[in-house]
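Please read the structure below before turning to the comments.
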Amino acid sequence: MRGSEVDGPDAAVKSGTRVHVVSDVHGNSEALARAGDGADALICLGDLVLFLDYADHSRGIFPDLFGVENADRIVELRTARRFEEAREFGRALWAGMDRNAAIIAAVRKQYAQMFAAMPTPTYATYGNVDIPGLWPEYAAPGTTVLDGERVEIGGRVFGFVGGGLKTPMNTPYEISDEEYAAKVEALGPVDVLCSHIPPDVPELTYDTVARRFERGSAALLDAIRRTRPRYALFGHVHQPLVRRMRIGATECVNVGHFASTGRPWALEW
């Protein structure tokens, strides 16, 4: 089994089974529509929604509602880890508005585009900014949604764990460490462990641009050490200090920030 980025003249060459993996799509439906080209299946590790693009503050639900200057300000506060000030600033902007209705309407619009772009077959799990309750409305028959569940692809067993852990950012699908660990435990041994967030390893959780540690999962790290999957695949950290490292027998890979690269990561066996 080997993994590589899809790039160059050999990208279309297939040997046995080929799976493309993406994460952190954040509104890039155009590239998502091409992400399965040349592969037997596409795996999506979540974060379909674009609430605010930290590289381009004009993109996303937040600037659509409140303008670029306000987006600049909230990014400044969050990047400085002044989370309480950011929350106060946000509360002032939302005053007098039905926040939930506005967000749900915008997310529905994005989900309609995202799920329509997914090829068949796609195996997907949730990211921390996703809203799981809406997915059944948009996932077509060719898209299988998995969370704390396994599926066989080309003779290999893939296990999926969606969502993120509790943080001051308070994104839509953050759950407790205990609930997350239960989903990891429910998988049992797998060949490929797929999650949105990384295992709790400093090199894999540190974002070099945001200059902060994102939350990784101790339960994932424990499962990697105990069950020794061939691969652990994840996203979430957009500019990781280390994109790929080995933990025992397991190759741990951040499959990349698909919103900016538009390129899937490829796994062949």
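Take the residues of segment 223-238 that are in contact (Cβ under 8 Å) with a residue 40 or more places away in the chain and more than 24 Å from residue 48 (Cα to Cα): which is surrounded by the most Cβ atoms within 10 Å (Cβ to Cβ)? Taking the candidates together, the pick is 229.
Beta carbons closer than 7 Å, at least 6 apart along the sequence or on distinct chains, pair a first residue in segment 113-141 that is over 19 Å from residue 159 (Cα atoms) with a second that is of a type in the set (S, T, N, Q) and at pLDDT below 95 for 129/171. Counting only helices (runs of 4 or more DSSP H) wholly contained in segment 75-154, the ones carrying 1 or more residues that are of a type in the set (Ser, Thr, Tyr) occupy 99-117, 135-138. Can you find a residue that is charged (D, E, K, R) and touching a Gly at 6+ places or on another chain (Cβ under 8 Å) anywhere in segment 43-56? Within segment 43-56 (the criterion being charged (D, E, K, R) and touching a Gly at 6+ places or on another chain (Cβ under 8 Å)), the answer is yes, since at least one residue qualifies. If you go through segment 55-74 and keep only what is basic (Lys, Arg) and in a helix (DSSP H, G or I), you end up with just 73.
Within segment 25-47, the set of residues being open to solvent by less than 10 Å² (accessible area, probe 1.4 Å), among the hydrophobic types (A, V, I, L, M, F, W, C) and assigned to a loop (DSSP other than H, G, I, E, B) comprises 25, 35, 45.
Of all residues in segment 239-261 being open to solvent by less than 20 Å² (accessible area, probe 1.4 Å) and within 29 Å of residue 114 (Cα to Cα), which is farthest from the chain's Cα centre (by Cα)? Of everything passing the filter in segment 239-261, 252 is farthest from the chain's Cα centre (by Cα).
The set of residues from segment 162-200 being open to solvent by 60 Å² or more (accessible area, probe 1.4 Å) and either closer than 13 Å to residue 126 by Cβ or acidic (Asp, Glu) (or both) comprises 172, 177, 178, 179, 185, 200. Does residue 59 count as more than 19 Å from residue 209 (Cβ to Cβ), open to solvent by 70 Å² or more (accessible area, probe 1.4 Å) and in contact with a Gly (Cβ under 9 Å, 6 or more places away or on another chain)? Answer is no for this residue. Report yes if residue 83 is among the aromatic types (Phe, Trp, Tyr), modelled with pLDDT under 95 and open to solvent by less than 50 Å² (accessible area, probe 1.4 Å), otherwise no. So residue 83 passes the test. A search for C-beta distances below 7 Å between a residue of segment 251-268 that is farther than 21 Å from residue 216 by Cβ and any residue that is of a type in the set (Ser, Thr, Tyr) and open to solvent by 30 Å² or more (accessible area, probe 1.4 Å), counting only pairs 6+ apart in sequence or on different chains, returns 266/4; 268/15. Scanning segment 178-200 for residues being closer than 20 Å to residue 47 by Cβ and either among the polar types (S, T, N, Q) or in contact (Cβ under 8 Å) with a residue 24 or more places away in the chain (or both) gives a total of 11.
The values are calculated or read from the model by the stated rules, or taken from the named source; none is laboratory data. Just so you know, these numbers come straight off a predicted model, no measurement behind them. Backbone-built Cβ (ideal geometry, glycine too); neighbour counts: all protein chains shown. We work out accessible area using only protein heavy atoms, side chains counted, and drop any ligands, DNA or RNA first. Shrake-Rupley method; radii C 1.70, N 1.55, O 1.52, S 1.80 Å.
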